[in-house]
Amino acid sequence: MQKDLGSYRRSYEKSELSEASISDNPLELFQKWFYEVEASGGVDEPNAMTVSSIGADGYPKSRVVLLKKFTYEGFIFYTNYESEKGKAILANSKVCISFFWPNMERQIIIKGNAEKIAENLSDGYFESRPEGSKLGAIVSRQSEVIPNREYLESKLKELEKSYLDKEIERPSYWGGFIVKPVSIEFWQGRPNRLHDRIRYSLQADYDWKIERLAP
Ligand SMILES: Cc1cc2nc3c(=O)[nH]c(=O)nc-3n(C[C@H](O)[C@H](O)[C@H](O)COP(=O)(O)O)c2cc1C
């Protein structure tokens with residue numbers, strides 16, 4: 001089997017990124033781009049991001065998760081701490097997260113260190129989830145091998161019965177990670193492959209160094 005994709009080619013012409021137009025703090029530029037993507041309406045889930053971690057087997061692995069909050073401190077997502085990614089991150093906190101917003105011809109790549117958020121923050125977010133999502137988090141021992149689909153569905157039915165009149169509490173193995181950035185790179189597609197790339201690197205004194213990279 002083979003398919004040649006050499007003729008897939010597109011010129012990026014929507015926007016540009018210049019040193020003159022950006023803030024000293026990359027979180028502010030992140031926010032600006034995020035709002036612009038949201039307002040464009042051209043991306044179904046603008047908060048979908050790829051998280052890459054290094055596993056115990058030495059391989060990087062990437063998967064999509066949903067960004068649930070960002071602040072000057074970092075980027076928060078929720079997951080199962082005992083999943084493949086959870087174990088990987090708890091053993092090696094260095095991760096990379098990235099966003100690709102094709103309609104805006106933009107990519108953001110963030111390197112940082114991930115850590116568990118405070119339990120009360122995870123409790124608060126868990127509480128805000130719909131009941132089905134709460135039970136789903138309890139039913140699924142994320143990333144473990146299971147015999148078949150029916151196994152999951154019958155476990156969910158059992159749980160639904162046992163929680164009929166009970167409050168569903170957050171299981172201790174489920175919660176948030178915050179990724180505290182050390183480097184954030186903004187990529188804006190430009191014509192003739194001369195894309196704009198601006199990288200912010202965190203300095204020891206918590207200042208951000210701003211550099212332009214060759215495309
Ligand atoms: C659009 C989308 C959103 C997702 N959001 C999450 C999420 O917020 N948290 C999560 O744990 N998994 C999420 N997943 C599932 C993950 O991609 C992945 O399958 C799961 O976390 C297990 O990954 P792991 O085995 O590498 O730990 C999402 C998948 C997609 C496609």
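The values are calculated or read from the model by the stated rules, or taken from the named source; none is laboratory data. The model shown is predicted, which means the values in this text are computed figures rather than measured ones. No Cβ is skipped: glycine too gets one built from the backbone with ideal geometry, and neighbour counts run over all protein chains shown. SASA here: full protein model, heavy atoms, side chains in, ligands and nucleic acids out. Shrake-Rupley method; radii C 1.70, N 1.55, O 1.52, S 1.80 Å.
Values for this structure:
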read-out: Spin-label zone in the range 120-150 - amide nitrogen under 19 Å from a point set 7 Å from the Cα of residue 164 along the C-beta vector; value: 131-132, 135
read-out: Sites residue 212 and residue 156, calculated FRET efficiency, Cβ-Cβ separation with R0 41 Å, nearest 0.05; value: 0.20
read-out: Cβ-Cβ FRET estimate between residue 90 and residue 192, R0 fixed at 41 Å, reported to 0.05; value: 0.40
read-out: Equivalent ellipsoid dimensions for the range 114-186 as semi-axes, Å, which come from the Cα gyration tensor, largest first; value: 28, 17, 9
read-out: Selected from 200, 78, 173 as most flexible by GNM, with the chain as the system and alpha-carbon contacts under 10 Å; value: 173
read-out: Listed residues 114, 48, 39, most fluctuating in the chain (Gaussian network, C-alpha, under 10 Å); value: 39
read-out: Positive-end extreme of charge dipole, the chain - chosen from 103, 114, 176 (charges on Cβ); value: 103
read-out: Backbone HN-Hα couplings from phi across the range 149-166 [Karplus 6.51/-1.76/1.60, Hz, Gly and Pro as x]; value: 5, 4, 3, 5, 5, 6, 5, 5, 4, 4, 5, 4, 5, 5, 9, 3, 10, 10
read-out: Accessible solvent surface per residue of the range 100-215, calculated while the other protein chains remain in place, 1.4 angstrom probe, Å²; value: 60
read-out: The range 18-177 - charge dipole about Cα centre, Lys and Arg +1 at Cβ, Asp and Glu -1, debye rounded to 20; value: 420
read-out: Potential lengthening between residue 73 and residue 141 on full extension [0.36 nm per residue; Cα-Cα distance subtracted]; value: 21.5 nm
read-out: Label-point separation, residue 149 to residue 133 (7 Å along Cα→Cβ), nm; value: 2.4
read-out: Dipole axis of the range 1-93 (+1 Lys, Arg; -1 Asp, Glu on Cβ), positive-most option in 58, 1, 39; value: 1
read-out: Inverse of mean 1/r across different Cα pairs in the chain, Kirkwood, Å; value: 19.6
read-out: Modelled FRET efficiency - R0 22 Å, residue 201 with residue 115, Cβ distances, 0.05 increments; value: 0.65
read-out: Surface share of carbon and sulfur [accessible, 1.4 angstrom probe, percent] for the range 1-152; value: 49
